[in-house]
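*Asks:* Structure incoming, see below.
The values are calculated or read from the model by the stated rules, or taken from the named source; none is laboratory data. These numbers were taken from a predicted model, which means no experiment stands behind them. Here the Cβ positions follow ideal geometry from the backbone for every residue, glycine too, while neighbour counts run over all protein chains shown.
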Amino acid sequence: MVVNNVHGEIKRVAYTHQGTFGVFKINEEPIGVIAEEVWRNNQPNISCIPEGRFLCERGIYYPKHGDPYESFMLLDVPKRDRIWIHIGNSIMDTLGCILIAERFEHINDMFGVWTSRAGFDEMMERLKGIDQWMLNITY
């Protein structure tokens with residue numbers, strides 16, 4: 001059981017053929033925006049995850065390109081594993097994970113999110129010293 005005062009929320013606000021987009025809050029304060037894959041029946045690596053409440057746990061994320069870094073992984077997602085909140089700009093960067101950034105943007109004829117490193121750093125700063133927290137994802 002997680003006992004702390006951290007409550008995360010993703011409120012999805014837009015569904016397009018280029019992704020699922022939402023607002024990310026910690027303790028009811030907006031701190032960024034998110035991008036995910038479109039809904040494809042919760043299939044691994046190609047779908048956003050279902051709505052629900054998930055435990056997030058600190059761990060080391062190993063990106064396809066670049067050096068590993070500390071982030072948070074969602075646990076107990078039905079029929080899925082290794083769902084991370086990480087840096088990226090479009091669904092081409094997700095592999096079924098959640099991208100966090102500072103703002104929505106239209107990038108090279110694609111919808112996406114921009115200033116992802118800054119949005120990610122803001123999340124990590126707000127969660128400094130926290131190893132587990134609950135995230136509620138709603139439509």
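*Asks:* Spot the failing condition for PHE120; the list is (1) aromatic (Phe, Trp, Tyr); (2) under 21 Å from ALA14 (Cα atoms); (3) part of a strand (DSSP E or B), and only one is missed.
*Replies:* Of everything listed in (1) aromatic (Phe, Trp, Tyr); (2) under 21 Å from ALA14 (Cα atoms); (3) part of a strand (DSSP E or B), PHE120 misses just condition (3).
*Asks:* I would also like to ask the following. Could you please find all residues in region 99-117 being surrounded by fewer than 21 Cβ atoms within 10 Å (Cβ to Cβ), in contact with a Phe, Trp or Tyr (Cβ under 8 Å, 6 or more places away or on another chain) and either not acidic (Asp, Glu) or not in a strand (DSSP E or B) (or both)?
*Replies:* GLU102, ARG103, PHE104, ILE107, PHE111, TRP114
*Asks:* Go through (1) surrounded by fewer than 16 Cβ atoms within 10 Å (Cβ to Cβ); (2) out of contact with any Lys or Arg (no Cβ under 6 Å at 6 or more places or on another chain) one by one and return the number of the condition ASP131 breaks.
*Replies:* (2)
*Asks:* Scan (1) farther than 19 Å from GLY8 by Cα; (2) of a type in the set (Asp, Glu); (3) more than 12 Å from the chain's Cα centre (by Cα) for the single condition GLU57 breaks and write down its number.
*Replies:* Unmet for GLU57, out of (1) farther than 19 Å from GLY8 by Cα; (2) of a type in the set (Asp, Glu); (3) more than 12 Å from the chain's Cα centre (by Cα): (1).
*Asks:* Being touching a residue at least 60 places away in the same chain (Cβ under 8 Å), under 25 Å from GLN18 (Cβ atoms), of a type outside the set (Gly, Ala, Ser) and crowded, with 21+ Cβ neighbours inside 10 Å: is that true of ILE85 here?
*Replies:* no
*Asks:* Could I ask something else about it? Only residues that are touching a helix residue (DSSP H, G or I) at 6+ places or on another chain (Cβ under 8 Å) and either at pLDDT below 95 or exposed (fewer than 15 other Cβ atoms within 10 Å of the Cβ) (or both): list them for region 37-68, please.
*Replies:* Across region 37-68, the qualifying residue is only VAL38.
*Asks:* May I pose another question? Can you tell me which residue within region 76-93, out of those that are among the β-branched types (Val, Ile, Thr) and over 17 Å from GLU51 (Cα atoms), is modelled with the lowest pLDDT?
*Replies:* Among residues in region 76-93 that are among the β-branched types (Val, Ile, Thr) and over 17 Å from GLU51 (Cα atoms), the one modelled with the lowest pLDDT is ILE91.
*Asks:* Then there's this: Could you go through region 47-60 and let me know if any residue there is free of Cβ contacts under 8 Å to residues at least 40 places away in the same chain and touching a strand residue (DSSP E or B) at 6+ places or on another chain (Cβ under 7 Å).
*Replies:* yes
*Asks:* Look at VAL6 and say whether it is in contact (Cβ under 8 Å) with a residue 60 or more places away in the chain, out of contact with any Ser or Thr (no Cβ under 8 Å at 6 or more places or on another chain) and of a type outside the set (S, T, N, Q).
*Replies:* Judged against the criteria, VAL6 is a match.
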